[in-house]
Amino acid sequence: MDFENILHAVVSLTAMGLLFGIILGIAAKVFAVETDPRIEQITQALPGANCGGCGYAGCANFADAVVRGAAPTNGCMVGGAQVAAQVAAVMGQEPLEVIPQIAVVKCQSNCDNVKQKYVYEGYDSCKAISSLSEGSKQCPYACCGMGDCVRACLFDAIHIVDGVAVVDKSKCTGCGACARACPKNIIILREASCDHEVLCSSHGRGTEVRDVCKVGCVACGICVKKCPGKALSLVDNLATIDPQKCINCGTCVEVCPRHAVHRLP
Amino acid sequence: MSELFLIAINAVLIENYVLVRTIGCCPFLGVSKRTETAVGMGMAVIFTMTLSSGITWAVNKYILVQFELEYMRTVAFILVIATLVQFVEMALKKIMPALYSALGIYLPLITTNCAVLGAALDGVTKNYNFIESVVFGMTAAVGFALAIVLFSGVRERTAGNDIPAAFRGFPFALISASLLALAFTGFSGLSLPL
């Protein structure tokens with residue numbers, strides 16, 4: 001191969017590369033998509049966990065929605081008040097109040113409290129087991145304990161302890177990913193200010209609950225009568241605490257004959 | 001017309017890029033866990049392979065052959081494909097943001113998909129004219145999309161199966177891919193007058 005051949009190769013490939021470079025450069029100008037700089041700023045301020053707790057696919061989508069005015073500036077539960085203030089500052093608005101929330105698993109159906117209906121040997125999934133005669137535990141409202149919520153949690157804040165999911169209050173950010181993953185809908189998201197919760201989701205009648213669970217709420221109504229703040233009420237055979245009225249006095253925990261009401265650890 | 005039809009049948013079924021010629025296996029195994037993403041990847045590949053086979057045909061005929069640089073084909077074609085993918089990405093982002101976000105990460109990944117380069121090189125070695133090259137590129141990509149969508153279906157169906165521990169995950173994917181490839185060799189019985 002002589003010198004001319006090498007020259008041809010180098011020159012034509014360099015020319016091609018240059019030509020393509022110029023085309024791409026022009027294309028970048030022609031096809032430039034104008035983006036609001038505030039979207040980038042808000043994305044920077046957000047935690048970046050892409051948990052979806054705000055209802056959008058990720059932090060960037062939430063930032064886009066805030067700039068469009070579709071989402072409130074305090075929509076990010078995970079970031080809390082600090083992030084809400086930063087986002088509001090970028091948008092030039094007054095910061096909105098953020099009420100911290102946490103997830104609570106309303107069930108304590110561990111091996112001691114609830115009997116098994118059958119032995120499950122299959123795919124590790126709450127969705128799968130709950131489709132088989134409403135789960136392997138005798139209570140149809142019981143936590144399946146297969147850990148769909150654990151896999152959904154991005155913050156390592158929920159774990160299966162003795163067959164029941166338990167939220168770690170110190171790590172929970174209130175994004176609600178576990179609540180969306182639970183096929184039984186027994187994980188609720190509520191104000192973190194109230195420390196007490198009825199750890200039962202059964203809407204069955206008293207006798208039905210008594211038959212299958214040692215610690216289920218039988219809707220006797222003692223807690224409703226004794227609560228000084230009138231924070232408790234019976235809804236569809238289940239005692240329910242209104243977190244906004246709860247004064248954390250602990251009366252409900254003491255009076256409950258079934259030990260269904262607990263102070264969250 | 002019948003010539004083009006034969007090229008298409010040949011590229012999709014008989015010489016299916018992934019399953020018969022084993023070109024482009026990396027996205028085939030990497031992006032086939034879910035049918036949704038497999039369809040996205042398939043569409044993106046069809047789009048770029050059709051365009052790239054046309055452009056590489058022109059580059060080959062008017063630049064490489066003119067200067068007797070056929071030995072530089074691979075380098076030049078990679079240059080064309082990389083540029084094209086970049087260009088398509090920018091254009092899509094502006095013109096069709098919905099399609100852009102649907103294809104997502106798979107669009108830039110195509111640069112490294114050897115099926116795209118394979119189709120471009122094949123079109124040249126088979127001495128196709130421009131129309132034939134484009135049809136060949138498109139149908140080869142359709143074959144790729146067909147294979148990856150079929151395979152993702154197999155993987156979705158078998159995801160929850162009780163597989164012996166030693167075969168779980170990737171080994172099982174390779175075995176099912178080989179079974180699918182065996183099924184496709186059945187098409188080699190179609191002898192086309194090419």
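The values are calculated or read from the model by the stated rules, or taken from the named source; none is laboratory data. Keep in mind that what you see is a predicted model, and the values were worked out from it rather than measured. Because the Cβ atoms are built from the backbone with ideal geometry, glycine has one as well, and the counts that use them run over all protein chains shown.
Remarks
- One residue stands out among those in region A:102-124 that are at pLDDT below 90 and among the small types (G, A, S): the one that is surrounded by the most Cβ atoms within 10 Å (Cβ to Cβ), which is A:S109.
- Flag if A:F62 is modelled with pLDDT of 90 or more and surrounded by 15 or more Cβ atoms within 10 Å (Cβ to Cβ): no
- Scan of region A:27-59 for residues that are part of a helix (DSSP H, G or I) and either touching a His at 6+ places or on another chain (Cβ under 6 Å) or more than 11 Å from chain B (Cβ to nearest Cβ) (or both), ordered by number: A:P37, A:R38, A:I39, A:E40, A:Q41, A:I42, A:T43, A:Q44, A:A45, A:C59
- Condition check for B:V75: over 23 Å from A:L13 (Cβ atoms) and either surrounded by fewer than 18 Cβ atoms within 10 Å (Cβ to Cβ) or at pLDDT 90 or above (or both): no
- Selection status of A:A15, more than 26 Å from B:T74 (Cα to Cα), surrounded by fewer than 16 Cβ atoms within 10 Å (Cβ to Cβ) and facing chain B (nearest Cβ under 10 Å): no
- Only one entry in A:L46, A:L24, A:L96 is surrounded by fewer than 18 Cβ atoms within 10 Å (Cβ to Cβ) and either β-branched (V, I, T) or at pLDDT 85 or above (or both), namely A:L24.
- Positions within region B:10-67 being more than 14 Å from every other protein chain (Cβ to nearest Cβ) and polar (S, T, N, Q), in sequence order: B:N10, B:N16, B:T22, B:S32, B:T35, B:T37, B:T48, B:T50, B:S53
- Enumerated helices (runs of 4 or more DSSP H) restricted to region B:43-142, each holding at least 2 residues that are among the aliphatic types (A, V, I, L, M) and closer than 22 Å to A:M16 by Cβ: B:73-95, B:114-125
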